[in-house]
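Reading through the structure tokens given below for one structure.
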Amino acid sequence: MADNNFPIRLRVTRHESTLQVKALIQHPMDSGIARDAQGRVPPAHFITQLTVQVNGQVRVRGALGPGISRNPLFTWRLAGGAAGDEVLVDWEDNLGMSGKQGATVT
Amino acid sequence: MPLLARGPLAEAAEIAAAGTLKTTEDVLRTLGIRAWQTSADLLLNLPDVAENGALVPIEVNSKLLDVRRFVVVAERNPFPLIADFRFEAGTLPWIDARIKLAESSHVAVYAETARGWLQARRFVRVIAGGCG
């Protein structure tokens, strides 16, 4: 189930023979050992896996550690791509939360 | 975990557990990376100096067409495995992201190809550590 507290901003642009997929995910990516601004150590809370799909087919599969920055920003490049293609980015974190966002190629 | 339940995502979850391993050696052993060759065809773009270790831009890229996977390791982070990206057919071996570096460190990328693992490695000097 999507967690609306952590939205994804997804931008897909077509460049000649590639699709550029750029995703900004709102997520704390807490490692469980770093202190926050208040001097507390929040428990580990980070995205552990994500996928990029085009028309239901997985094109990128990522396993992440807590060393990805807060509010992760990723860019990928996929071969091909045509207007109407459906791009989907989804993620799951170590606490079982998840999120996803789709975009249609124009 | 029962064998039937093992799909690519279960595998990814297991690999993600590598995200909590504390040494580069453990990460490489867990992911089965035992030998590699340094390669100039593997491009690892990082700043030489990072003012803010919490937000270090990284780009990994290769012109080699048979690269199917990138494993990124920040060697001196408390949890060195940054990410393990697998690219299915039709995806260019290219990733742009932002990572945390707890202190000045070598960052390495290992690329899996049909001919084995390739590696590129760079040192980043960190002014203010972004505790990993």
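The values are calculated or read from the model by the stated rules, or taken from the named source; none is laboratory data. Treat the numbers as computed from the prediction; the structure is a model and nothing was measured. Positions of Cβ are backbone-derived with ideal geometry, glycine not excepted, and every protein chain shown enters the neighbour counts.
General remarks:
Residue-wise test of (1) touching a helix residue (DSSP H, G or I) at 6+ places or on another chain (Cβ under 6 Å); (2) buried (at least 18 other Cβ atoms within 10 Å of the Cβ); (3) within 7 Å of chain B (Cβ to nearest Cβ); (4) more than 17 Å from B:ASP96 (Cα to Cα).
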| residue | (1), (2), (3), (4) |
| --- | --- |
| A:PRO42 | no, no, no, yes |
| A:GLN49 | yes, yes, yes, no |
| A:ARG59 | no, yes, yes, no |
| A:GLY67 | no, yes, yes, no |
| A:LEU78 | no, yes, yes, no |
| A:VAL87 | no, yes, no, yes |
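- Enumeration of residues in the range A:63-97 that are under 23 Å from B:LYS22 (Cα atoms) and acidic (Asp, Glu): A:GLU92, A:ASP93
- If you go through the range A:56-88 and pick out every residue that is among the hydroxyl-bearing types (Ser, Thr, Tyr), within 15 Å of A:SER31 (Cα to Cα) and part of a strand (DSSP E or B), you end up with 0.
- Within the range B:46-82, the set of residues being hydroxyl-bearing (Ser, Thr, Tyr) and within 11 Å of another protein chain (Cβ to nearest Cβ) is empty.
- Subset of the range B:24-58 [touching a Leu at 6+ places or on another chain (Cβ under 8 Å), farther than 26 Å from A:ILE33 by Cα and assigned to a strand (DSSP E or B)]: B:TRP36, B:GLN37, B:THR38, B:LEU42
- For the range B:93-116, filtered to residues that are assigned to a strand (DSSP E or B), buried (at least 20 other Cβ atoms within 10 Å of the Cβ) and within 11 Å of another protein chain (Cβ to nearest Cβ), the residue that is nearest to the chain's Cα centre (by Cα) is B:VAL107.
- Count - residues of the range B:117-132 that are under 16 Å from the mean Cα position of the chain (by Cα), at pLDDT 95 or above and not hydrophobic (A, V, I, L, M, F, W, C): 3
- Odd one out for B:PHE70 among (1) among the aromatic types (Phe, Trp, Tyr); (2) modelled with pLDDT under 95; (3) under 11 Å from the mean Cα position of the chain (by Cα): (2)
- Entry remark, the range A:7-53: residues being assigned to a loop (DSSP other than H, G, I, E, B) and of a type in the set (A, V, I, L, M) number 6 in total.
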